[in-house]
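The values are calculated or read from the model by the stated rules, or taken from the named source; none is laboratory data. Given the structure is predicted, the values throughout are model-derived calculations rather than measurements. Note: ideal-geometry Cβ built from the backbone for every residue, glycine included; neighbour counts use all protein chains shown.
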Amino acid sequence: MLSNSELARIFNEIGDTLEILGEVVYKAVAYRRVADAIERYPDDVAALYRRGEPPKIPGAGAAIGAKLAELAETGRLEYHDRLRAQVPVGLLDMLRVPGVGPRTVKQLHDELRIDSVEALRAAAEGGQLRSLKGLSARTEENILAGIGRIERRSTRLLLHEADELVGSLLARLRNTAGVVSIEPAGSLRRRRATIGDLDLLAAVSDPAPLIAALDGLAEVDHVVSAGTDKSSIVLRDGPQVDLMLCPPAAWGTHLVHFTGRADHNIALRGRALARGWSLSEKGFKVLDSGELLLAATEEEVYERLDLAWIAPELREGTGEIEAAALGTLPDLVTLDDIRGDTHTHSDWTDGVDSIEVMARAARDVGRAWIVLTDHTPSLGIARGLAPDRVEQQRTEIARLNAELAPFRILHGTELEIRADGTLDYPDELLARFDLVIASIHTGRAQPSEQLTTRALAAITNPHVDVLAHPTGRIVNRRDPLMLDWPRVFDAAAKHGTALEINGSPRLDLDDTLARAAAAAGARLTVASDAHRTEELDQLRYAVSMARRAWLTPAQLLSTRSVGELLELVR
Ligand code: DGT
Ligand code: CA
Ligand code: CA
Ligand code: ZN
């Protein structure tokens, strides 16, 4: 059944379509006025129609009223379908560009044959719009900026970006009057690699000030819906933000409800029903008496269901409920467990900071060691190190280690696995490094079989300790390589080669593959792949992925002391 806002959207679209088709303006205006009235109608319009009590919507006369009845009762409207068939879909898409209305769309189509957002972008870039009546160079700029904005909105946000955004929002919302606590929920709390929209949950003594504060933030583009216990907004350059509010006494059930993926939540509700309760965000309703049992903490919610508390990262419906019931949940790795970073760069190749600056920064954020893994010669764009430079680098590291002890810089390399499957340094040179991580950057278009063979060549080499960013993906920018993962993971387990979880915007391995690798018996490592000091912090995203992969400290290289690490890779 269609909600009021969905009904309104369709009526608005009818108005826009009529205008693009060049119909008399008052017809479009009439549909938009009705759309507006539906949107603001206090009750559920479609439900009233279905109950045979059609509401009185201002502006809906006989003709429009009949159309509303058809749409509300059947969920479809023949007239709408017919109109849509008359305009190219691209024209309606163009309406999503801020500042581009139906009249402009008609003008662009009639005079320049522009029929899609892509064509509009090309025309704006080519300076062709300013020739039209009422448009200018300024319009072209605004249109290009608007297209950029809708594109950013339609791709899922990288976890790193979402974290930063939420940090900045919470810093300003946290101190609002009436707020007891406010935390991220949804996919961000589960630490997914990408985030669709941001969900925030607040426990409040008074909801009004917080809703006003959210709606009033400077970067709000528009308010999608505002109620007394919920508000949704869309940010100018970002995603939608859904804010839910609840009384502190019901915080536990609300946080559970707005964190777990659907499968997880459905399983929890099933366990509740089996115990005679109906579970919702409001609490546990006793089926017999109708009494509502509140839970102020998540622990109370899980305990009532005879489950151990489940970390948010695991709430995906992939076996965590069964494990919680059996008491076999893993003791997940935390950032505090991490002692070192197995993948860092310096200005000797494509990094920004010197070895010393990187090392001091790593020490300052609490690492006991880093492995410096600058590139090898065939990666030309990264100014890979020739063998004599490797020797000079070793000398420099020894000098710094004397100064920085007990902090340790280990001498490593990011060894290029060449397109022909050979390795970029000879074995004698590889043997001289403390730790070797190998990776594929070139020949990415090869068939899966050939890529797998290259990965196996590195994994089975006794000097290679880690396969770095194994899929080569960059979130939202570059697709992962499709290797024969079962073979890769088995070989890694057999040869004691660890697989990297890279915390840069690659987030590679992803959580699913990392879990499969661990299940195959392979060891893993979390690393920042920092090219500047600020990026050392990326390690925490790798830890998030490791937690989503159910990993414990014992399964990772990065949790070891220097002595243990060198022992392991020897
Ligand atoms: P996303 O936004 O695509 O990255 O993924 P989520 O998991 O954040 O999904 P979202 O924003 O639709 O839902 C937020 C949380 O609310 C999610 O943990 C699921 C939970 N939830 C519980 N009941 C409902 C419901 O009736 N509708 C929706 N949309 N979410 C619900
Ligand atoms: Ca979400
Ligand atoms: Ca949401
Ligand atoms: Zn690297």
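What the table shows:
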quantity: Which listed residue is among the small types (Gly, Ala, Ser), closer than 28 Å to residue 41 by Cα and away from ligand 4 (no atom under 16 Å from the Cβ), from 181, 231, 187; calculated: 231
quantity: Meets criteria (at positive phi and either under 34 Å from the mean Cα position of the chain (by Cα) or not polar (S, T, N, Q) (or both)) for residue 412; calculated: no
quantity: Considering residues of segment 202-239 that are assigned to a strand (DSSP E or B) and within 30 Å of residue 332 (Cβ to Cβ) only, the residue nearest to ligand 2 (Cβ to nearest atom); calculated: 202
quantity: Of all residues making up segment 493-514, the number that are in contact with a Leu (Cβ under 9 Å, 6 or more places away or on another chain) and buried (at least 19 other Cβ atoms within 10 Å of the Cβ); calculated: 12
quantity: Test: residue in segment 114-125 that is more than 22 Å from residue 87 (Cβ to Cβ) and under 31 Å from the mean Cα position of the chain (by Cα); calculated: yes
quantity: Which listed residue, of 250, 267, is at pLDDT 95 or above, more than 14 Å from ligand 1 (Cβ to nearest atom) and of a type in the set (A, V, I, L, M, F, W, C); calculated: 250
quantity: Segment 164-187, residues that are within 18 Å of residue 245 (Cβ to Cβ), more than 7 Å from ligand 1 (Cβ to nearest atom) and of a type in the set (A, V, I, L, M); calculated: 166, 169, 170, 173, 177, 179, 180, 182
quantity: Members of segment 164-196 that are farther than 26 Å from residue 512 by Cβ and part of a helix (DSSP H, G or I); calculated: 167, 168, 169, 170, 171, 172, 173
quantity: Options 141, 161: the member that is of a type in the set (Asp, Glu), part of a helix (DSSP H, G or I) and more than 16 Å from ligand 1 (Cβ to nearest atom); calculated: 141
quantity: Residue match in segment 48-58 (condition: within 20 Å of residue 101 (Cα to Cα) and in the same structural domain as residue 104 (by TED's automatic domain parsing)); calculated: no
quantity: Single condition residue 96 does not satisfy, out of (1) outside any loop (DSSP other than H, G, I, E, B); (2) closer than 30 Å to residue 148 by Cα; (3) among the charged types (D, E, K, R); calculated: (1)
quantity: Entirely in segment 260-374, the strands (runs of 3 or more DSSP E) that have 3 or more residues that are assigned by TED's automatic domain parsing to the domain that holds residue 502; calculated: 340-344
quantity: Checking residue 511 against (1) of a type in the set (Asp, Glu); (2) in contact (Cβ under 8 Å) with a residue 40 or more places away in the chain; (3) within 16 Å of ligand 4 (Cβ to nearest atom), the condition it does not meet; calculated: (3)
quantity: Qualifying residue in segment 103-114 (condition: part of a helix (DSSP H, G or I), free of Cβ contacts under 8 Å to residues at least 60 places away in the same chain and polar (S, T, N, Q)); calculated: yes
quantity: Qualifying position, being within 16 Å of ligand 2 (Cβ to nearest atom), in a strand (DSSP E or B) and closer than 25 Å to residue 549 by Cα, among 242, 199; calculated: 199
quantity: One residue from 539, 551 being buried (at least 22 other Cβ atoms within 10 Å of the Cβ), farther than 26 Å from residue 430 by Cβ and in contact with a strand residue (DSSP E or B) (Cβ under 8 Å, 6 or more places away or on another chain); calculated: 551
quantity: Qualifying position, being within 25 Å of residue 541 (Cα to Cα) and not assigned by TED's automatic domain parsing to the domain that holds residue 301, among 181, 225, 205, 231; calculated: 181
quantity: Residues that are in contact (Cβ under 8 Å) with a residue 12 or more places away in the chain, on the phi < 0 side of the Ramachandran plot and of a type outside the set (D, E, K, R), drawn from segment 115-134; calculated: 116, 117, 119, 120, 123, 124, 128, 129, 132
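Yes/no per residue for (1) at pLDDT 90 or above; (2) over 22 Å from residue 252 (Cα atoms); (3) surrounded by 13 or more Cβ atoms within 10 Å (Cβ to Cβ):
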site	(1), (2), (3)
161	yes, yes, yes
171	yes, yes, no
175	yes, no, no
190	yes, no, yes
195	yes, yes, yes
207	yes, no, yes
213	yes, yes, yes
217	yes, yes, yes
226	no, yes, yes
